[in-house]
Amino acid sequence: MFSTAAVAEAILRYCRTTDASVTSGYRTELHNGALKGSVPDSPHTRGLAADVVYDHPGVATTRETFASDLGLEIVHESDHDHLQPKGWKDGAR
């Protein structure tokens, strides 16, 4: 089980350290379903994910290591990174 408070704290620490800004966080199921490429049981609909962009280019492997240390994993999208709890699978509770 993933705690929304723990994930939110990890995302905040990640953003502060990597100079990242959250562009998407919690989404309703209706909004999530309207987005191209979204998955039906997205962690966004549970407050367990964030999409981020960076103020400065950085080394992706360093970011991935830091995210992992915080209990997060990064999914690289074309124009942003998606953060979610490590081990998240669609429908995970």
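Since every read-out is calculated from the coordinates, none of them should be taken as a lab result. Quick caveat: nothing in here was measured; it's all calculated off a predicted structure. In this analysis, Cβ positions are derived from the backbone assuming ideal geometry, glycine residues included, and neighbour counts consider all displayed protein chains.
Scanning the range 49-93 for residues being among the hydrophobic types (A, V, I, L, M, F, W, C), surrounded by 15 or more Cβ atoms within 10 Å (Cβ to Cβ) and in contact with a strand residue (DSSP E or B) (Cβ under 6 Å, 6 or more places away or on another chain) gives a total of 7. The C-beta contact set for the range 57-69 (first residue closer than 15 Å to HIS82 by Cα, second residue among the aromatic types (Phe, Trp, Tyr), distance under 7 angstrom, 6+ apart or interchain) comprises PHE66/TYR14; ALA67/TYR14.
Could we say that VAL53 is more than 20 Å from TRP88 (Cα to Cα) and under 12 Å from the mean Cα position of the chain (by Cα) here? Spelling it out, VAL53 is indeed more than 20 Å from TRP88 (Cα to Cα) and under 12 Å from the mean Cα position of the chain (by Cα).
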